[in-house]
Each structure stands twice: as C-alpha cells, then as structure tokens.
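Worksheet: one structure, shown below.
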Amino acid sequence: MKLIATASQTVGPFFSIGLAHLHQESTKINSDDAQTIIGTVVDGNGQPIPDCVLEFWTSNSFARVPTSVDGTFLVNVEAGTAMCEVLLFMRGLLKPVYTRVYLSEAAKAKDEVASKSVPQDRVGTLIAQPGSAAKQFVWNVKMRGNNETVFFDY
Amino acid sequence: MTTPIEGREARKRTQPPYLFPDYVSTQERAPSKPLILLPENSSSLFSPVFGHASVRPADADLTRQHGGEPLGERIIVSGKVVDEDGRPVRGALAELWQANAAGRYHHQLDTHAAPLDPNFTGCGRLLTDDQGAYSFVSIKPGAYPWRNHENAWRPAHIHFSLFGAGILSRLVTQMYFPGDPLFARDPIFNSIPDEAARTRLVSTFDWRTTKPEFALGYRFDIVLRGPKSTPMETDHR
C-alpha cells in the first residue's frame, strides 16, 4: 500500500529562524581549496529576491545559504565539484524548485541530463561562468519569464 | 506499483502547484516555462547526516531556551516520519520554526504589532528515533495578519523542514491545528487541490500524549517521498 507524500508548503519569509543552523556561514565548513559560486536570484520582473534559501547537493555533500537583502548568495562547494543539484525555497514558492548548476562547459557536455533532456537554447541557464577570482564561478537564477532558469520535475 | 507518470499525475492533486494566483507572491516567483521531466533515479540519493553531535535533546523543547517560560498554551507535538512504503525514516533531521503565542515571529522583518516574547525564539530541531518517531514541546502559535489580500490572516501553524534520502525526499511544510476558522480563506492551505491531502496537514488533538496539568498533545504524521524502491527489495509489508 503506497502512502501519499505529505504536501509541501512555503518556507515563508521567516525561515532563517529555523534554518540558520545549517546556513553555511554559521557551520564554517569553508575550506581553503573550495570552489565558490556567487550569484543573484531574481523574480519574473528581474527584481532581486532577498528571502530565498538555496541548497546545493552533490553525490556526497550538502551546503545551504540564504540570499542577502540584494538577492545575492555565496556558497562554497568542495574542490573538484563538477555539478550540484540545487533546491530553492522562498516565500511565493509553495514547493521548492529543482535545478542544477554545472561548473564548466565540459561538465555539462559529459552529463546526459544537460546534453539530452534540456533544450539547447535554455541549457546555458545551468552553466556557471568563471568569476573574477580563482576558483570562483558566477551563476544567476531567474525564477520566471525571459531567460528563466531551467527547472526539473521528477 | 505506481509508474512515474501516475506518480506525477497524483502529485498534481496532492501537492500544491507553483502558480496559485490567490497567493499573490507566486505570480512573480513561480516558474512559467514547462518543467523538464527527468527520471526519478537521475537525482541524487545521498542522505546528508546532520548534527547527530550538535542536535541536543534540549533543542526539542522550545519552552526552555531562555531564562523564563514563554507565554501561551503549552503543547506537545508528536508523530512518525515514514516513507511512501510506510517504512520509518530513522535519524531524520527535522527543523521547526513558528510564531509566538501572540502571532509574532522573532525576526527583524516581522512588523506585526504584537508583542515579542523574551522567553520564546520559536526555533527547534530534533532527530527521529529508530521507529521514525519524534516529539517536541512548544507553545501554540498565534494566527497573524499578512498583506496578501484584504484582511488576510494565516491560520496558526508550525513550519517543519525534513530531510530523507536525497532531494526528492526533502520536505518543507506547515502543520496546522484542528478546527481553525481561518482555513477557508487561506490561499497557502487551499493551494493543495486534494481535500484529503490538505486535511493531512492539520494535526489531530491527541489525548494519549496530553500530559495532566502540563500540556495538550497534538499528533502530526509525515510521509516523505521516495526513494524509489529497488526491484531487489523483498521486505515490503
């Protein structure tokens, strides 16, 4: 007998009360050789989203960061990470969105999901660009509209 | 055994949509393009292990985090976390947050003109036990106004965040209280199309866990999605 999974509800605007324990800046899992991903999360009008929390999952690690008042985030992921599965939660999302970030064109090219399932005119939204510093990547998320980030359903 | 397609169709009824215009902020934040469908097994089944050292038993008592006791109606919330096959999810991290008894969050952006309670932060954490069971002590949160529509009020609720195996088991939800008169006009609660699925977010009063001269008991059971059963598995009940 299959049970029905409990319904999702929004994290609302005040999630930091309950989720701050695992926010990366408070868990100090940063390491010197980590790769850094920075970016901005914006809504359908291009307005920054200041009350979003992002989770970066790899096959063996997890990192969580909230956005700042200007909609920006910064997360450290382990050296050598090629791809993260990313969940975003925010007020106005009744359930999380699922996306991915590839840390290079090569990582994207090697991955079946990106090379086969995603329309090639949208796959660029999943690829982080080299940033201004070493081991730094820039990846922005657009929730809705033109240049909307690719989101997945399973 | 349900197929992935059937599962997806069922979730359209038992899970909220992204765009639900009555909940106004979905209109600028919900994805507008078709989601890309992927097989369930293409996602990570990694199960993060959190805080077995840092989650303390005291984190499951929200009434004892300060010098004095918070105001409000003391409650004991308990339940079981299982997967879709009914198997207990053991050692799962649950994170909890809620408003105080007056309906005010301990958060700088909450501008509701209700008093803060110096003895209540409204943050809890716990791990489920070997049967997937959990329990925590808190106070009943108050309803509070928001600006979604004219005279909008959220029914009293406690936020739950849970981790299972992998990203598909990840769940953030809200537990409500039985008989709340605000359900009918709350777009967040009513975003779930299926009435039974919606009702399962409402806790039930639980006489067995109610402690004499101490606290009222509420029960809230949780089912996490996945992971997909493997064909080799024979221990299904």
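Each reported figure results from applying straightforward, stated rules to the coordinates on display, with no laboratory input. Nothing here was measured: the structure is a model prediction, and the numbers come from that model. All Cβ positions, glycine included, derive from the backbone under ideal geometry; neighbour counts span all protein chains shown.
How large is ³J(HN,Hα), in whole Hz, for each residue of segment B:58-74 in order, when computed from phi with the Karplus curve 6.51 cos²θ - 1.76 cosθ + 1.60 and θ = phi - 60°, using x for Gly and Pro?
5, 5, 9, 10, 6, 9, 10, 9, 9, x, x, 8, x, 6, x, 8, 5
Around B:Ala102, which amide H atoms from residues at least 5 apart in sequence, or from another chain, sit under 5 Å from its own amide H, with H modelled in the peptide plane?
Excluding prolines and chain starts, which carry no amide H, the hits are B:Gly142.
To the nearest whole number, what is the average tally of beta carbon atoms from other chains within 10 Å of the beta carbons of peptide B:41-50?
Values: counts 1, 7, 7, 9, 1, 7, 1, 8, 1, 4.
Mean number of neighbouring Cβ atoms from other chains: 5.
Sticking with the crude label model, points 7 Å out along Cα→Cβ, report the distance from B:Glu195 to A:Thr36 in nm, one decimal please.
Inter-label distance under the simple model: 5.5 nm.
Any chance you could list the semi-axes, whole Å, largest first, of the equivalent ellipsoid that the Cα gyration tensor gives for segment B:7-117, using √(5λ)? Don't jump to the answer; show the numbers that get you there.
On the way: eigenvalues 219, 124, 38 Å².
Those come to 33, 25, 14 Å.
Cα centroid distance between segment B:178-215 and segment B:22-38, in Å?
Computed from Cα coordinates, the inter-centre distance equals 27 Å.
Taking beta carbons within 10 Å but only from partner chains, what does the mean come to for residues B:8-15?
Numbers: counts 2, 0, 3, 7, 0, 2, 5, 8.
Counting Cβ atoms of other protein chains within 10 Å of each residue's Cβ and averaging gives 3.
With only Lys, Arg, Asp and Glu charged, each at its Cβ (+1 for the first two, -1 for the last two), find how big the charge dipole of the protein assembly as shown is about the Cα centre; round to the nearest 20 debye.
340
Grab the eigenvalues of the alpha-carbon gyration tensor for segment A:97-154, scale each by 5, take roots, and send me the semi-axes largest first in whole angstrom. Intermediate values should be presented prior to the final figure.
Values: eigenvalues 72, 44, 17 Å².
That gives 19, 15, 9 Å for the three semi-axes.
Rank the residues B:His107, B:His149, A:His23 as a footprinting-exposure proxy: fewest other Cβ atoms within 10 Å of their Cβ go first.
Working: B:His107 18, B:His149 11, A:His23 14.
In order of increasing Cβ crowding within 10 Å: B:His149, A:His23, B:His107.
What is the percent of Cα-Cα separations in chain B that go past 21 Å?
Working: 17366 of 27966 pairs.
Beyond 21 Å sits 62 percent of the P(r) for chain B.
Could you give log10 I(q)/I(0) at q = 0.22, 0.26, 0.30 Å⁻¹ for segment B:39-97, computed by the Debye formula over C-alpha point scatterers of equal weight, without solvent?
Ignoring solvent entirely, the Cα scatterers give -1.11, -1.28, -1.37.
Of the DSSP beta bridges with both residues in segment A:16-142, give the percent that are antiparallel, rounding to the nearest 5. Don't jump to the answer; show the numbers that get you there.
Working: 26 of 33 bridges.
The answer is about 80 percent antiparallel.
D for chain A, whole µm²/s, Stokes-Einstein with Kirkwood Rh over alpha-carbon pairs at 25 °C and 0.890 mPa s: what number?
Numbers: Rh = 16.2 Å.
Approximately 152 µm²/s, per Stokes-Einstein.
Do me a favour and compute the ellipsoid semi-axes for the protein assembly as shown from its Cα gyration tensor, root of five times each eigenvalue, largest one first, whole Å.
Working: eigenvalues 216, 114, 94 Å².
Value: 33, 24, 22 Å, ordered largest first.
Using the count of nearby Cβ atoms within 10 Å as a rough guide to exposure, how do A:Thr99, B:Thr173 rank from fewest to most? The partial results should precede the final answer.
On the way: A:Thr99 21, B:Thr173 24.
Ordered by Cβ neighbours within 10 Å, fewest first: A:Thr99, B:Thr173.
Quick one: putting +1 on the C-beta of Lys and Arg, -1 on the C-beta of Asp and Glu, what dipole do you get for segment A:14-154 around its Cα centre, in Debye to the nearest 20?
Values: 12 positive and 15 negative charges, 37 e Å.
It comes to approximately 180 debye.
Rounded to two decimals, what is Rg over Rh for segment B:142-219 when you use alpha-carbon atoms and the Kirkwood radius? The partial results should precede the final answer.
Working: Rg = 14.6 Å, Rh = 14.3 Å.
A ratio of 1.02.
Determine the shielding of peptide A:92-104 by partner chains: average, over its residues, the number of Cβ atoms on other chains within 10 angstrom of each Cβ.
On the way: counts 11, 9, 16, 11, 5, 5, 7, 2, 3, 0, 0, 0, 0.
Whole-number average of other-chain Cβ neighbours for A:92-104 is 5.
Calculate the dipole size of segment B:48-224 relative to its Cα centre from +1 charges on Lys and Arg beta carbons and -1 charges on Asp and Glu beta carbons; express the result in debye to the nearest 20.
My answer is approximately 140 debye.
Which order do peptides A:78-87, B:212-221 fall in by mean Cβ count within 10 Å, highest first? Mind showing how you got there, number by number?
Working: A:78-87: 18.8, B:212-221: 15.6.
So the peptides A:78-87, B:212-221, ranked by packing, come out A:78-87, B:212-221.
List the lysines whose Cα lies under 25 Å from the Cα of A:Lys116, skipping any in the same chain that are fewer than 8 positions away.
Within the straight-line limit of under 25 Å, A:Lys116 reaches these lysines: A:Lys108, A:Lys142, B:Lys33, B:Lys228.
Can you give me the C-alpha center-to-center distance between segment A:120-148 and segment B:58-137, rounded to a whole angstrom?
37
If you add up the charges near A:Phe152, with Lys and Arg at +1 and Asp and Glu at -1, over every other residue whose beta carbon is less than 15 angstrom from its beta carbon, what do you get?
Working: positive: A:Lys95, A:Arg100, A:Lys108, A:Lys116, A:Arg122, B:Arg8, B:Arg11, B:Lys33, B:Arg170, B:Arg225; negative: A:Glu55, A:Glu85, A:Asp111, A:Glu112, A:Glu148, A:Asp153, B:Glu40.
Net local charge, A:Phe152 excluded: +3.
With a sphere of radius 13 Å drawn around the Cβ of B:Thr173, what net charge do the other residues whose Cβ falls strictly inside it have (Lys, Arg +1; Asp, Glu -1)?
Details: positive: A:Lys95, B:Arg170, B:Arg198, B:Arg200, B:Arg225; negative: B:Glu95, B:Asp221.
My count for the surroundings of B:Thr173 gives +3.
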